[in-house]
1. Read through the list (1) over 20 Å from the mean Cα position of the chain (by Cα); (2) surrounded by fewer than 22 Cβ atoms within 10 Å (Cβ to Cβ), then give the number of the only condition that B:I246 fails.
2. Consider only pairs whose beta carbons are under 6 Å apart and that are at least six residues apart or on different chains; among these, list those whose first residue lies in the stretch B:257-276 and is without any contact (Cβ under 8 Å) to a residue 12 or more places away in the chain and whose second residue is among the polar types (S, T, N, Q) and in a helix (DSSP H, G or I).
3. Find all pairs meeting these conditions: Cβ atoms under 6 angstrom apart; at least six residues apart or on different chains; first residue within the stretch A:179-190 and farther than 14 Å from A:A33 by Cβ; second residue outside any helix (DSSP H, G or I).
4. Within the stretch B:86-107, identify whether any single residue is surrounded by 15 or more Cβ atoms within 10 Å (Cβ to Cβ), more than 26 Å from B:K10 (Cα to Cα) and without any contact (Cβ under 8 Å) to a residue 24 or more places away in the chain, and answer yes or no.
5. Please indicate, with yes or no, whether at least one residue in the stretch B:367-376 is buried (at least 17 other Cβ atoms within 10 Å of the Cβ), touching a Pro at 6+ places or on another chain (Cβ under 7 Å) and either under 26 Å from B:L265 (Cβ atoms) or not β-branched (V, I, T) (or both).
6. What tally of residues in the stretch B:11-34 results from selecting those that are crowded, with 19+ Cβ neighbours inside 10 Å and more than 14 Å from B:V48 (Cα to Cα)?
7. The conditions are (1) assigned to a helix (DSSP H, G or I); (2) touching a helix residue (DSSP H, G or I) at 6+ places or on another chain (Cβ under 6 Å); (3) surrounded by fewer than 21 Cβ atoms within 10 Å (Cβ to Cβ), and B:I163 fails exactly one of them. Which is it?
Amino acid sequence: MQPDKAITTHASRQLPGDLAMWLFIGAELTAFALLFMVYASSRALHPEVFAQGQSQLNSQIGLLNTMALLSSSYFVVNAVASVKAARRHWAIGHLLVAISFGLAYVVLKSIEYYQSFSAGYGLTTNVFYQYYFLLTGFHYLHVILGLILLTWVTLKVAANDYTVGNTSGLESVASYWHMVDVLWLVLFPLVYLLH
Amino acid sequence: MKFSSQAVAKPYFIAAIGLFTLQIVFGLTLGLQYVLGDFLFPEIPFNVARMVHTNLLIIWVLFGFMGASYYLVPEESDVELYSPKLALWLFWIFLSASVLTVIGYLAVPYATLAEITGNDILPTMGREFLEQPTLTKIGIVVVVLGFLFNLGMTILKGRKTVITMVLMIGLVGLAVMFLFSFYNPENLVLDKIFWWWVVHLWVEGVWELILGAIMAFVLIKITGIDREVIEKWLYMIIAMALITGILGTGHHYFWIGTPDYWQVLGSIFSALEPIPFFMMTLFAFSMINKRRRDHPNKVAALWAMGTGVMAFLGAGVWGFMHTLAPVNYYTHGTQITAAHGHMAFYGAYAMIVMTMISYAMPNMRGRVANSAKAQSWEVWGFWLMTISMVLITLFLTAAGVLQVWLQRYTDMPQSFMVVQDQLAIFYWLRFAAGVGFLAGVGTYIASFFIKGEAVGLANAAR
């Protein structure tokens, strides 16, 4: 456990990943915060439309997706720790599991979209669906971007491009992935659960 | 100047300054026509003067971008330009096409111009800013293709840097987006949607990449800061510009017949559009503060900082002022828009071209920097133009606020022309500020002819 402890103290003093990534994350969070606010104020203006729309959502799939993203983030944390402990094969394994959970999210969310579209709901159905599709759609695109980034760092780990003390790129991507996760943790209760 | 072929930038810069001056003259004409409606009528009616004013802006900024690229790319790539001859040929083609087009605007009625240039075969004319005859548009495409080919070949045989890559992405984007000016659907909503793909995705998308690349190049040269630091800034700025700018197009889709959700998307993403401009300001100031050498060309640094500040104010702050859908519902197409347009174009694109000219021109004239006297004239030109532009913007904003109030917000809204009469005082003040701007242009041009002991290679080293 000695190396892990060293990593913890090291990480607590320094920003994980590149400052540029944190700026990017800041901008992303700002955009989402604005979307959440617009969603909330619109909901206050049209409570019936939102209540009716929310009751149609499949919260079981929503819950599964929450678990998928949380698990995925957990494995990304492990992967970063493994690279820092010079356990490359472990890192690759963890990253692959993380990517699989991310893919599971994409598949489940796609099924959910398919169900909504088949039931005749779309971006222009009413004000609730407009925001539902905009918010979750944006998030969905972020998951896909995150998966592309995770795949890219997995290849880089496999090529031994990250060494102990040189993991900034990996940490940047991990931070981004955690952001995607955190956004869903706000989105899920906001859109699915709060009635 | 590292390579002799960089000198092809010179005629481009001279043409840019010439056309810029002409643009200002037409701007003053327009300014008078706001208050003296029949000034120069019927020779140069308002709509024609406006078309010449805006088209000249686009053309001279393009000349500036091309000149800047021809200067920048060989130096960055560390090789001679692929074909200086092609660059000069394209210069003369572009200049004659531009001049002929402006003459066409002034000499014959627009409908006649459309007829004689074959607009029936491929109709592309009649849309704001894209009024150029189809033939001119084809000419622009040919010139830009040749230009991109020339630069591309230069970069391919030389060093590839982040700056040239960003510049090329910006320039290729400029070319690709312009192709939408040939798409002219019958459906007015579609027409407007794609019209903005040229207009908005130029100025709030790919042009910002060009701006960033030129700024980064000049800052490396005058501050001596490490390329790695500058490149990281550049990456962040262009990422922000594209993230906010592409979806920010939505702020033009509020009231043109597109679905409601554009009001949300457009408001949110364009509200973030000031970020890249703010970063540009921080970039210029922090690099110059941390400079590792005192470059004798002080005025180039002034232009670079000025670009950051004025682009942020004009594009960022004045843009944000009326970008949220509930606000824009009242301000759309009023003098508030004109105020924003003036300061944004001057701050971002006029000033970045002048930043580059300020840095490159002395080099092309065989010196590191102009004499102290010439520089002080240029500084005067800078302040006269910049302060005048701030005043123009403030007067137009005042006119706009009053216009929104009288014409749209009160219980008893008045008609457009009745309101215009009541704005006259602001239009007169704006005209006066415009005269100040022209004086600034004159001072700026004069600075090129001021003699004095220039800083040469030998005394710069000391």
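Bear in mind that the values in this text are calculations on the coordinates, not laboratory data. It should be emphasised that the depicted structure is a prediction, and the values quoted were computed from it without experimental measurement. Here the Cβ positions follow ideal geometry from the backbone for every residue, glycine too, while neighbour counts run over all protein chains shown.
1. Going through the list (1) over 20 Å from the mean Cα position of the chain (by Cα); (2) surrounded by fewer than 22 Cβ atoms within 10 Å (Cβ to Cβ), B:I246 breaks only (1).
2. B:Y261/A:Q130
3. Listed by first residue and then by second, the contacts come to nothing, as the list is empty.
4. No: the stretch B:86-107 contains no residue that is surrounded by 15 or more Cβ atoms within 10 Å (Cβ to Cβ), more than 26 Å from B:K10 (Cα to Cα) and without any contact (Cβ under 8 Å) to a residue 24 or more places away in the chain.
5. Checked the stretch B:367-376: at least one residue is buried (at least 17 other Cβ atoms within 10 Å of the Cβ), touching a Pro at 6+ places or on another chain (Cβ under 7 Å) and either under 26 Å from B:L265 (Cβ atoms) or not β-branched (V, I, T) (or both).
6. Within the stretch B:11-34, residues that are crowded, with 19+ Cβ neighbours inside 10 Å and more than 14 Å from B:V48 (Cα to Cα) number 8.
7. Checking B:I163 against (1) assigned to a helix (DSSP H, G or I); (2) touching a helix residue (DSSP H, G or I) at 6+ places or on another chain (Cβ under 6 Å); (3) surrounded by fewer than 21 Cβ atoms within 10 Å (Cβ to Cβ), the one that fails is (3).
Here's the yes/no breakdown for (1) touching a residue at least 24 places away in the same chain (Cβ under 8 Å); (2) part of a helix (DSSP H, G or I); (3) hydroxyl-bearing (S, T, Y); (4) out of contact with any Lys or Arg (no Cβ under 7 Å at 6 or more places or on another chain):
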| residue | (1), (2), (3), (4) |
| --- | --- |
| B:G173 | yes, yes, no, yes |
| B:F178 | yes, yes, no, yes |
| B:W196 | yes, yes, no, yes |
| B:G212 | yes, yes, no, yes |
| B:E228 | no, yes, no, yes |
| B:Y235 | yes, yes, yes, yes |
